[in-house]
Each structure stands twice: as structure tokens, then as C-alpha cells.
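See structure below.
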Amino acid sequence: MISGKTIFIAHNWSDVSVSYQSKWLATELSKDNTVIFFNAKKSGSAEMTINDRLLVVEWPGKRPNGIKDLLFAIRLFRRYQPQLVISNFAANDIMLFVASFFAVSQRVCYYHTMVQQYIEDVGRLDLAQRINIWRKGFAFRRATHVLAVSSAAKADITRYYKVNPEKCFVFPNALPDTDTRHCGGNHSIGFLGRLQRSKGADILLHAFKLLLTDIPGLRLLIAGSGEESASLQELSHSLGIQDKVVFNGSISYTAIHRFIASLDVLAVPSRIDNLPTVILEAFSVGTPVIASNAGGIPDMIGHAVNGLLFESGNAEDLAANMLLLFNNETLRAKLSENARSTFEKRYSLRHYRERFEAVVEQPAAVGD
């Protein structure tokens with residue numbers, strides 16, 4: 001058990017999505033340790049005392065990647081001399097570099113966003129992105145423990161950032177539980193996510209058109225925004241299904257569970273993905289999920305156990321799986337029950353600190 005230490009955590013002090021797991025972990029660890037939380041989400045307060053062992057400080061810059069942020073981190077490292085540093089997203093560069101300079105014994109970072117997903121969305125790695133990968137790779141290799149949220153993420157970071165795989169641990173995200181439960185019954189399939197090529201909403205539109213031949217009364221509800229929003233709406237018109245497709249735009253975080261619970265089926269047609277939070281949210285409410293067998297998704301879903309998997313990019317296979325699910329009430333009930341059970345066992349915050357400590361207390365690998 002981690003106790004009696006001074007711990008730095010860098011993320012967003014927020015109740016939204018995976019930010020909450022860092023906020024929850026900070027609060028939990030502050031029971032036995034002194035915790036300083038570096039907040040990248042502007043709150044209007046330079047410091048917030050949460051309890052007598054938990055202090056939230058705000059980075060001086062808009063994003064924690066400038067000179068002011070570097071000097072700010074150095075001052076706090078000198079003052080508090082942490083034994084454990086935990087960082088996420090944009091804070092990784094500064095936190096890992098400074099922690100390495102001060103010889104902090106445990107330097108932990110999360111790896112959330114894969115290079116492969118960037119390539120899928122943009123189509124290539126330009127010079128600026130290659131330089132960015134080199135810079136981030138230098139930081140990642142300063143970590144003693146890299147928490148990759150899926151097996152696909154571990155493969156991605158070792159391939160593109162040249163991180164020693166012995167430092168990388170597959171460590172999925174966790175979410176708070178909810179009292180919301182699947183109700184369905186409105187004859188709808190839903191999509192929730194960014195409207196970018198990697199997320200595959202266009203594949204879902206083609207599959208939905210095929211499905212309407214057998215189940216003409218269905219609706220497709222698409223929630224989210226992104227650069228492909230207009231082209232997807234144009235595609236629904238060209239396919240002649242615009243009257244059956246509703247583009248909801250972005251929905252508030254507080255409405256996400258209600259939206260997912262109202263669906264008969266959630267579709268996650270990603271061409272490449274890491275550990276989609278939307279699947280965790282569907283599991284938490286017990287909504288059946290059909291998802292592509294891409295990236296880290298097979299880590300989450302066992303086919304016909306707690307969801308259905310289809311061949312990535314194959315609209316016909318997606319349509320066939322959706323038809324199977326709508327025609328089989330027993331299967332829907334089984335997937336719903338097992339999804340909820342999967343969430344409780346693997347993705348609930350209930351066991352998160354225990355899982356975290358089990359990984360971080362493993363000896364760090366030697367070298368990059």
C-alpha cells in the first residue's frame with residue numbers, strides 16, 4: 001500500500017470522464033499521503049485546499065507546456081520533494097522531465113492517445129508531428145512506469161516512442177458508477193463520439209441503410225461533433241436515410257448516461273481506437289454494445305459474452321450483427337447483464353486504487 005509519501009498528480013481537477021479518475025485517486029491517496037494536484041483546467045483559483053493532505057494548484061499557462069509552467073514545476077519539486085509523480089496528457093513532458101532531473105524514484109505516466117489514431121484521422125505523419133513524437137518520446141522514456149490503457153496503446157507507444165516495453169503496463173481506465181440503467185425500447189441505435197474518420201460513423205451509416213431493409217422502423221441517433229459532421233449529414237442524404245438519422249450534436253456530460261441508457265444498442269464502429277470511454281459508459285448502464293474488433297476494443301469486449309464484435313471497416317458485418325441482436329431478445333438480455341458485470345469487476349473505481357498500487361509497486365525496468 002502506498003502511504004507516507006508526498007505525491008504529485010497532474011491532470012484536470014474535474015468530474016468529467018477520465019479526469020475524474022485522477023481526481024478520485026488524488027482524494028483516495030490523500031488519506032495516507034500528502035498529495036499536490038497540478039490542475040490544467042482553469043478554475044479561477046491558483047490554489048484550493050481540499051483537505052489537510054490534498055492541495056490543488058493551477059498551472060500558470062493555458063496548457064502545461066511553457067517556460068512559466070516548467071519553472072512553476074521546478075519550484076514545487078524543490079519545495080515538496082515528491083517520491084511519486086503521476087502525470088497525464090500535456091503535462092507528461094514537464095512532469096516527467098523535472099521528476100527525472102530531481103531523481104524521483106517513481107515516475108508514472110498514462111498513455112491515452114495513440115499515434116495510429118492520429119494517422120487514421122490525418123492520413124500521414126507530417127514533419128511537425130514527427131518532431132512532436134520525438135519530443136514526447138524523450139519524456140515518456142523518463143518514466144519508470146507507463147500505464148497504457150489497452151494492449152493496442154502499449155504496442156503504439158513502444159513502436160512510435162521507442163519506450164522499453166518492460167516499463168509499459170496495460171492498465172485500463174475506470175469510471176465512477178451510476179444509478180442509471182438501460183431502458184431501451186425506443187427502436188434506436190446510437191453513436192456517441194467525435195465525428196472524425198477514425199471513429200467510423202460513415203461505416204455505421206452504410207450499415208444502418210442495409211439494416212433498414214429488414215427493420216424499417218429503426219432510428220439512428222448520432223451524438224457528437226467534429227470535422228466530419230457536415231460530410232456525414234451529406235452522406236445520410238445521399239444514402240436516402242436522412243429521415244431515419246438524427247444528428248444531435250454534442251451533448252452535455254451529465255446527459256451521457258441517459259442518452260446511452262435510452263438506446264436499444266450502442267454502436268462503436270471505430271477504424272482504430274484505444275479504450276473508448278463510451279463503451280465503459282455503456283457497460284456501466286448495461287446497454288448492449290456492438291463494436292469493431294480494432295485497437296484496444298477486443299480488450300474490453302468478448303464476442304457474444306458482454307458485447308458483439310464486427311470486422312473493422314465492414315459495414316455488411318456490422319449490419320448482420322445489429323440484425324442478430326435486434327432479432328434475439330435473449331442475447332440482448334445476456335449482453336446487458338454481462339456488460340454491467342464487466343464494469344463492476346474491471347472498470348469501476350471501486351478497485352482502482354488497489355489496481356494502481358499493484359502496478360506502481362512493481363520494480364521499474366532499467367533503461368529506456
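The values are calculated or read from the model by the stated rules, or taken from the named source; none is laboratory data. Here the structure is a predicted model, which means the values were calculated and not measured. Because the Cβ atoms are built from the backbone with ideal geometry, glycine has one as well, and the counts that use them run over all protein chains shown. Only protein heavy atoms, including side chains, enter the accessible area calculation; ligands, DNA and RNA are left aside. Shrake-Rupley method; radii C 1.70, N 1.55, O 1.52, S 1.80 Å.
Could you say whether any residue in region 81-89 is assigned to a helix (DSSP H, G or I) and in contact (Cβ under 8 Å) with a residue 40 or more places away in the chain?
Within region 81-89, the subset assigned to a helix (DSSP H, G or I) is 89.
When the remaining residues are screened for being in contact (Cβ under 8 Å) with a residue 40 or more places away in the chain, the result is 89.
Yes.
Taking region 230-272 only, how many residues are under 20 Å from LEU323 (Cα atoms), under 17 Å from the mean Cα position of the chain (by Cα) and either surrounded by fewer than 19 Cβ atoms within 10 Å (Cβ to Cβ) or aliphatic (A, V, I, L, M) (or both)?
4
Step by step: first the residues of region 183-200, then only those that are part of a loop (DSSP other than H, G, I, E, B) and open to solvent by 60 Å² or more (accessible area, probe 1.4 Å), then the one that is nearest to ILE260 (Cα to Cα). Which residue is that?
Step one: filter region 183-200 for residues part of a loop (DSSP other than H, G, I, E, B), giving 183-187, 193-196, 200.
Imposing the further condition that a residue be open to solvent by 60 Å² or more (accessible area, probe 1.4 Å) reduces the set to 183, 185, 187, 194.
Details: CYS183: 9, GLY185: 12, HIS187: 13, ARG194: 15 Å.
Among those that are part of a loop (DSSP other than H, G, I, E, B) and open to solvent by 60 Å² or more (accessible area, probe 1.4 Å), it is CYS183.
Condition first: within 17 Å of ASN274 (Cα to Cα), open to solvent by less than 30 Å² (accessible area, probe 1.4 Å) and of a type outside the set (Val, Ile, Thr). Now tell me which residues in region 108-144 satisfy that. Steps first, please.
Of region 108-144, the ones within 17 Å of ASN274 (Cα to Cα) are 109-122.
Subsequent filtering for residues that are open to solvent by less than 30 Å² (accessible area, probe 1.4 Å) retains 109-112, 114-115, 117.
Hits for region 108-144 are CYS109, TYR110, TYR111, HIS112, MET114, GLN117.
Output the residues belonging to region 75-88 that are under 13 Å from PHE140 (Cβ atoms) and either modelled with pLDDT under 95 or of a type in the set (Ser, Thr, Tyr) (or both).
Going residue by residue through region 75-88, those that are under 13 Å from PHE140 (Cβ atoms) are 87-88.
SER87, the sole residue that qualifies.
Against the conditions (1) surrounded by fewer than 23 Cβ atoms within 10 Å (Cβ to Cβ); (2) modelled with pLDDT of 95 or more; (3) not in a loop (DSSP other than H, G, I, E, B), where does ALA103 fall short? Just the number, please.
Going through (1) surrounded by fewer than 23 Cβ atoms within 10 Å (Cβ to Cβ); (2) modelled with pLDDT of 95 or more; (3) not in a loop (DSSP other than H, G, I, E, B) one by one, ALA103 breaks only (3).
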